[in-house]
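**Q** Got a structure here, written out as structure tokens. Questions coming.
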Amino acid sequence: MTNQAQMRVMIVDEDDVFSARLGRAFRDRGFDVRAFSSVALACAGLRLEHFDVVITDLRVGDDNGLVVVEASKVLAHEPMILVLTAYANVQAAVLAVKLGATDFLAKPADIDEILEVLGIRNASGSSDLFKNPGVLHWEHAAGVYEQTGRNMSEAARRLGMHRRTLQRLLARGAPEVSDA
């Protein structure tokens, strides 16, 4: 497994909430992170900066994240490349790997799952790598709610859920995680 000391990570995703949350999780573990919201900006960033890890969504707005995979593979230092997507299918995964991706994961994927797939050791050495899915769900919903300026209806629409369901979810608060 690789150690993450001073590793540079590029995140390419048009979802600002997801990108910010993933970036914060990487920073909390000691990574240097840059986020890009478009394929064009990411490709420009690859020409200007060195990245050890590139994480791209398969669909970035109207663009294809596989362009970032191809641009990353022509670099002399060839970073580890992970394609994340909510539109996972076998054909897309095979194509991503053929183009040079290290791996392919379906969203939602948390930071520890990403580190494990890429073979990057957790700084704490903890064997408890995976975050509770209930906590991840709540954190994402709360993040979208905050991003919409606490507009319950708009947040529910973006999350694809009923407004009352979102209200109940947020009112319960983040799930308690037991050490058992």
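The values are calculated or read from the model by the stated rules, or taken from the named source; none is laboratory data. Everything quoted here is computed from the prediction, not taken from an experiment. Heads up, the Cβs are rebuilt from the backbone with ideal geometry, glycines too, and the neighbour counts pull from every protein chain shown.
**Q** Looking at region 88-96, can you tell me whether even one residue there is modelled with pLDDT of 90 or more and loosely packed, with under 11 Cβ neighbours inside 10 Å?
**A** Narrowing region 88-96 to residues modelled with pLDDT of 90 or more: none.
No, region 88-96 has no match at all.
**Q** Which residues, counting only those in region 69-87, are closer than 19 Å to I120 by Cβ and crowded, with 19+ Cβ neighbours inside 10 Å?
**A** V69, S72, P79, M80, I81, L82, V83, L84 - these are the residues of region 69-87 that are closer than 19 Å to I120 by Cβ and crowded, with 19+ Cβ neighbours inside 10 Å.
**Q** If we keep just the residues of region 161-173 that are closer than 17 Å to G134 by Cα and not charged (D, E, K, R), which is surrounded by the fewest Cβ atoms within 10 Å (Cβ to Cβ)?
**A** Keep residues of region 161-173 that are closer than 17 Å to G134 by Cα, which gives 161, 165-173.
When the remaining residues are screened for being not charged (D, E, K, R), the result is 161, 165-167, 169-171, 173.
Details: M161: 13, T165: 12, L166: 21, Q167: 14, L169: 18, L170: 16, A171: 7, G173: 9.
In this case the residue turns out to be A171.
**Q** Condition test on T56, is it modelled with pLDDT of 90 or more and among the polar types (S, T, N, Q)?
**A** Details: modelled with pLDDT of 90 or more: yes; among the polar types (S, T, N, Q): yes.
So T56 fits the description; yes.
**Q** To continue, here is another question. For region 30-122, which fully contained strands (runs of 3 or more DSSP E) count at least 1 residues that are within 15 Å of the chain's Cα centre (by Cα) and touching a residue at least 60 places away in the same chain (Cβ under 8 Å)? Break it down into steps so the answer makes sense when it comes.
**A** Values: elements: 32-36, 53-57, 80-85, 103-106.
In region 30-122, the matching strands (runs of 3 or more DSSP E) lie at 53-57, 80-85.
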